[in-house]
Every structure is written in C-alpha cells, then in structure tokens.
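Everything on this sheet refers to the single structure shown next.
The values are calculated or read from the model by the stated rules, or taken from the named source; none is laboratory data. The model shown is predicted, which means the values in this text are computed figures rather than measured ones. Positions of Cβ are backbone-derived with ideal geometry, glycine not excepted, and every protein chain shown enters the neighbour counts. Areas reflect the complete protein model, heavy atoms only, side chains present, ligands, DNA and RNA absent. Shrake-Rupley method; radii C 1.70, N 1.55, O 1.52, S 1.80 Å.
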Amino acid sequence: MPGHGELTLPGAGLRRRVHGAEESLLHQAAQMERFLAGVERPAFCIARYSLRDEDEALDAVQDAMLKLVRRYSQRPAEEWPPLFYRILSNCVRDIQRRRVVRNRVIAWFGRSDAPGRERDIIGEAPDIREPGPEKQQQLDDAMCALQQAVENLPARQREAFLLRQMEGMDVAGTARAMGCSQGSVKTHYSRAIHTLRERLGEHW
Amino acid sequence: MASDNAQSDFEKRVGQALREQSEQLDAATRSRLSRARSAAVEELHDKRFPLRNRWLPLGAAAAAAAVMALLLAPNPPAPVPDGRTRIEPLEDLDIVLAEDSLELIEDWEFYRWLEDVQDVS
C-alpha cells in the first residue's frame with residue numbers, strides 16, 4: 001500500500017504487472033534458449049542415427065523444438081529434457097512413416113512404367129555428401145564401426161543407448177523420454193551394450 | 001549422466017566418442033541448428049503476447065485508413081451566400097480561447113453598432 005503523501009498514478013499497478021510479465025517472459029526465453037542450445041547437437045546426432053539422413057534429422061530437431069515451445073514451455077524447466085526427447089522420438093517416427101509411404105508410392109508408379117522407364121541419372125548419381133573412397137580410408141575405422149553398429153541396433157535399444165550415453169540421461173529420465181518403464185530401459189540398454197560389445201570387440 | 005550403475009570401460013569409451021562426435025558437427029549444420037533454435041524461441045514470444053502481435057496489423061490498418069480519410073476529405077466549407085464564412089465548432093473554440101476574445105467582449109457594444117451600420121448601408 002502506498003504511504004501518505006505517495007502519489008499513485010492510475011494504471012501504475014497494471015504497468016507493474018505488464019513489466020513483471022515481460023521480465024518473466026525474457027527469463028523464460030533465455031532459459032529455453034540455453035536448454036535448446038545444450039540439446040540441439042546430441043539431438044541432431046540421435047535423429048541422424050535413426051534416420052540416416054542429415055536433412056531429415058534437422059527437420060526432426062526443428063519440429064521437436066517448435067512443439068516443445070508451443071506445448072510445454074510453461075512446464076518447469078527440469079521436465080523439458082524428457083519431454084523434448086519424447087517429442088523428437090515421435091518426430092523421427094513420423095518421418096520414417098512418411099518415408100515408407102513415399103517409397104511404396106514410388107514403387108507402385110515405378111512398376112507401372114517399368115518397361116519403357118528412362119534411367120534416373122540424378123537419382124543414380126553418387127551422393128556428394130558421402131565420403132569418397134580416398135576420404136573413407138582416412139576416416140577413423142573405429143568410429144565408422146561404432147556408427148554402423150549403433151545404426152544397426154534395434155530402434156528401442158538404440159534410443160535407450162543414445163539417450164543415456166550421448167545425452168547423459170539417467171534411467172528415470174530415459175524412461176520418461178521413451179514412454180516406458182525403467183525396467184524396460186535397463187533391458188534395452190543392457191542388450192544394446194551387449195550387441196555393441198560383440199560387434200566392436202576388435203576395435204574397442 | 002548414465003551413472004545409475006557403474007559403467008564399464010567399454011561404455012565410457014563409447015560414450016566419450018559419441019559426445020565428441022556431437023561436438024564436431026560442421027559449420028553448416030551448426031548454423032542450421034542455431035536458426036531452428038532461434039525460430040523456436042521467437043515462437044515463445046509470439047505465444048506469450050499473441051494479442052500484441054494480432055493488434056499490430058489492425059492498428060496499422062486503422063492509422064492508414066485515418067490518413068486516407070484526411071487526404072480524401074472534402075475541401076473546407078465554402079462561404080455561405082451572405083458572404084460570411086460558416087464557423088465550425090472547433091474553430092469556435094479556438095476563437096473563444098484566443099487572447100483577443102477579451103477585447104472583443106470589452107468592445108461588444110462597438111461591434112454591435114458597426115454591424116448595424118453595415119446592414120443599413
């Protein structure tokens with residue numbers, strides 16, 4: 001309450017509330033910015049392991065960021081990591097589903113004109129993003145082997161392994177991100193480690 | 001961190017390699033991730049103050065309409081047939097508030113007499 005002699009202008013309370021809301025927004029935006037900056041790279045790598053395509057992995061990360069902001073920015077910041085990775089997982093699955101449908105459509109139309117079909121020179125051209133034979137030789141064999149082994153893991157095992165090892169989430173957070181029990185996470189993770197150890201034994 | 005159970009050396013080495021890999025993304029990918037992040041944070045501003053952004057175009061349209069109305073408004077009123085200019089209410093107010101108005105009131109009798117003389121002539 002203002003004291004005697006203190007002049008309170010009409011609307012001053014409203015202005016204070018608006019100012020407070022703006023400060024709160026700036027604080028939340030800065031917090032969200034820090035969170036996204038921290039997860040964007042591991043998130044991209046995790047999506048790329050699942051999709052094996054950089055552009056689609058970037059699309060998935062961008063979608064996940066936008067959905068987190070639109071739906072869950074009001075939630076406490078400590079809930080953001082599992083929510084974000086849950087959303088990212090759904091975005092990856094959506095892209096994989098679209099890819100399956102697209103491939104079926106292409107296969108269907110491809111069959112119909114198979115006899116007189118012209119060669120797709122662009123489609124058959126080597127992907128310039130793929131390293132050539134010389135560069136491939138220069139790449140670290142051990143890292144290549146690890147990437148291939150992780151890519152070939154079953155989806156749930158890969159998800160559990162990457163969330164725990166790349167993002168550093170604990171079992172409880174991984175379980176929330178994957179939408180399953182902590183026991184399932186332990187099982188998926190243990191099987192992933194067992195498989196990787198078998199496949200990478202000579203390199204690692 | 002995945003420290004619920006003690007990690008084997010194998011897990012530690014693999015985890016370290018994966019984290020290093022995520023830190024060594026090329027500049028183009030880092031830039032695209034950064035743009036995606038900025039777009040998402042911008043969305044946060046739009047979400048918190050949706051009305052402000054919604055009213056901005058409306059306010060701009062109203063201001064533009066007011067300017068157009070002023071530009072397209074008819075010219076000031078022409079003098080009435082008896083030769084005197086019709087005075088708009090706002091102009092009335094200006095005249096009343098002007099300093100000269102006191103003199104007008106003081107010499108009111110003189111101006112009445114002058115008007116009568118002009119009417120007769």
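Going by the conditions given, is A:Met143 open to solvent by 30 Å² or more (accessible area, probe 1.4 Å) and facing chain B (nearest Cβ under 8 Å)? Explain how you work it out, then say what you get.
Details: open to solvent by 30 Å² or more (accessible area, probe 1.4 Å): yes; facing chain B (nearest Cβ under 8 Å): yes.
For A:Met143, the condition - open to solvent by 30 Å² or more (accessible area, probe 1.4 Å) and facing chain B (nearest Cβ under 8 Å) - is met.
Which one of these does A:Thr174 not meet: (1) more than 9 Å from chain B (Cβ to nearest Cβ); (2) hydroxyl-bearing (Ser, Thr, Tyr); (3) crowded, with 19+ Cβ neighbours inside 10 Å?
It is condition (1) that A:Thr174 fails.
Taking A:Arg164 as the residue in question, decide whether it is within 11 Å of chain B (Cβ to nearest Cβ) and at pLDDT below 70.
So A:Arg164 does not fit the description; no.
Any residue in the range A:178-189 that is assigned to a helix (DSSP H, G or I), of a type in the set (Phe, Trp, Tyr) and modelled with pLDDT under 90?
No, the range A:178-189 contains no residue that is assigned to a helix (DSSP H, G or I), of a type in the set (Phe, Trp, Tyr) and modelled with pLDDT under 90.
Yes/no matrix, rows are residues, columns are (1) more than 7 Å from chain A (Cβ to nearest Cβ); (2) more than 13 Å from A:Gln62 (Cβ to Cβ); (3) in a helix (DSSP H, G or I); (4) modelled with pLDDT of 90 or more:
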position: B:Gln7; (1), (2), (3), (4): yes, yes, no, no
position: B:Ala17; (1), (2), (3), (4): no, yes, yes, yes
position: B:Arg32; (1), (2), (3), (4): no, no, yes, yes
position: B:Ser38; (1), (2), (3), (4): yes, no, yes, yes
position: B:His45; (1), (2), (3), (4): no, yes, yes, no
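I'm trying to understand the selection: among the residues of the range A:14-34, which are touching a helix residue (DSSP H, G or I) at 6+ places or on another chain (Cβ under 6 Å) and open to solvent by 30 Å² or more (accessible area, probe 1.4 Å)?
Those that are touching a helix residue (DSSP H, G or I) at 6+ places or on another chain (Cβ under 6 Å) and open to solvent by 30 Å² or more (accessible area, probe 1.4 Å): A:Gln31, A:Glu33.
Which residues, counting only those in the range A:183-202, are at the interface with chain B (Cβ under 10 Å from one of its Cβ atoms), of a type outside the set (Lys, Arg) and surrounded by fewer than 16 Cβ atoms within 10 Å (Cβ to Cβ)?
A:Ser190, A:Gly201
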